[in-house]
1. Just to be sure I understand, how many residues within the range 247-263 are surrounded by 15 or more Cβ atoms within 10 Å (Cβ to Cβ) and not in a helix (DSSP H, G or I)?
2. Among the residues of the range 212-221, write down those that are touching a helix residue (DSSP H, G or I) at 6+ places or on another chain (Cβ under 9 Å) and under 12 Å from Ile166 (Cβ atoms).
3. Has the range 105-120 got any residue that is buried (at least 17 other Cβ atoms within 10 Å of the Cβ), in contact (Cβ under 8 Å) with a residue 60 or more places away in the chain, farther than 23 Å from Asp83 by Cα and among the β-branched types (Val, Ile, Thr)?
4. Could you say whether any residue in the range 111-121 is under 30 Å from Leu200 (Cβ atoms) and touching a helix residue (DSSP H, G or I) at 6+ places or on another chain (Cβ under 8 Å)?
5. Could you look through the range 95-104, keep only residues that are in contact (Cβ under 8 Å) with a residue 24 or more places away in the chain and among the charged types (D, E, K, R), and pick out the one that is nearest to Ile2 (Cα to Cα)?
6. Ser123: under 19 Å from Asp198 (Cβ atoms) and within 17 Å of the chain's Cα centre (by Cα), yes or no?
7. Tell me which residues, restricted to the range 17-49, are free of Cβ contacts under 8 Å to residues at least 24 places away in the same chain and either over 14 Å from Ser111 (Cα atoms) or of a type in the set (Val, Ile, Thr) (or both).
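The values are calculated or read from the model by the stated rules, or taken from the named source; none is laboratory data. Only a predicted model underlies this, so the values are computations on that prediction, with no experimental measurement involved. Cβ placement follows ideal geometry from the backbone for every residue including glycine, while neighbour counts extend to all protein chains displayed.
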Amino acid sequence: MIGKLYLIPTPIGNLKEVSPRFFEAIEDCSYLACEDTRNTLKLLNILNISKKCISCHEHNEKSSSINIINDILDGKTIGYLSDAGYPCISDPGYILVKEAINKGITIVPISGPNAMLNALVGSGLNTDHFFFYGFLSAKSSQRKKELFSLKTIPFTIIFYESPHRIKETLKDIYDVFGDRKVSIARELTKLHEEFIRDSLKNIIEQNQTLIGELVIVIEGAQNTKEEINKDSIINLYNKFLENGFSKKDSILATSLSLNIRKNELYDLLKEKNML
């Protein structure tokens, strides 16, 4: 009988967010695959759990996934844990899940902590529609290219960022997006949890020292149809393609996002030889 693959989120700070199902899932596992065995073992020790852990991180995920999947096919149930949060969300796990699905293995996601959602609902910005991007590039030139492709998205946008890059990233966002409302969430669920809600310009001018894990939540573009140029339309269309949308769905998503007719978009894409 084939085993299962559990995707098990870990606390982003407060250990009280570990649910009874977390314990049940781990108990059901033959062993755990981890982004970092040191961090997982530290967590398990605090929770009084004893379980074998193996490494499966961004540098060995492809090779490690082969062994994990073979073990599941042999009947073992295995859990995958990333560090502080949900597997596959700006963390390893995607390759493992994709290969497991290809082999007909049952995937069991366990509900749990996620910094993106905490930051979003506490931001005070529109939550009807949002676009999670994750980490921007560490290089400013590449980061700005990414930001230009996101500039016209009318939905609230969410980024992750590290404390040693936060100031440069905020400046790059301001240079590309202009001044917008922003909420920066730091140290979520921890003792010094904080939400900094202001305009980009004001936060940059205040030049605060921001430490801890950071989530940037920024309001979407307020562009009118007349303000959207062809490059912006193409950039958004390509962004949907890069995120796994089909051409048909990318056209629909772009037309809805920018409030333009699908026929107009078809004509533009044909003009650019992109269909």
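1. The qualifying residues number 1.
2. Result: Glu213, Leu214, Val215, Ile216.
3. Yes, the range 105-120 contains at least one residue that is buried (at least 17 other Cβ atoms within 10 Å of the Cβ), in contact (Cβ under 8 Å) with a residue 60 or more places away in the chain, farther than 23 Å from Asp83 by Cα and among the β-branched types (Val, Ile, Thr).
4. In the first step, residues of the range 111-121 are kept if they are under 30 Å from Leu200 (Cβ atoms); the result is 113-121.
Subsequent filtering for residues that are touching a helix residue (DSSP H, G or I) at 6+ places or on another chain (Cβ under 8 Å) retains 113.
Yes, the conditions are met somewhere in the range 111-121.
5. Selected residue: Lys103.
6. yes
7. In the first step, residues of the range 17-49 are kept if they are free of Cβ contacts under 8 Å to residues at least 24 places away in the same chain; the result is 20, 24, 27, 37-38, 41-42, 44-45, 48.
Passing the criteria: Glu27, Thr37, Arg38, Leu41, Lys42, Leu44, Asn45, Asn48.
Every residue, every condition in (1) in contact with a His (Cβ under 7 Å, 6 or more places away or on another chain); (2) surrounded by fewer than 19 Cβ atoms within 10 Å (Cβ to Cβ); (3) in contact (Cβ under 8 Å) with a residue 12 or more places away in the chain, yes or no:
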site: Ile158; (1), (2), (3): no, no, yes
site: Pro163; (1), (2), (3): no, yes, yes
site: Asp175; (1), (2), (3): no, yes, yes
site: Glu187; (1), (2), (3): no, yes, yes
site: Glu193; (1), (2), (3): no, yes, yes
site: Val217; (1), (2), (3): no, no, yes
site: Asn238; (1), (2), (3): no, yes, yes
site: Phe245; (1), (2), (3): no, yes, no
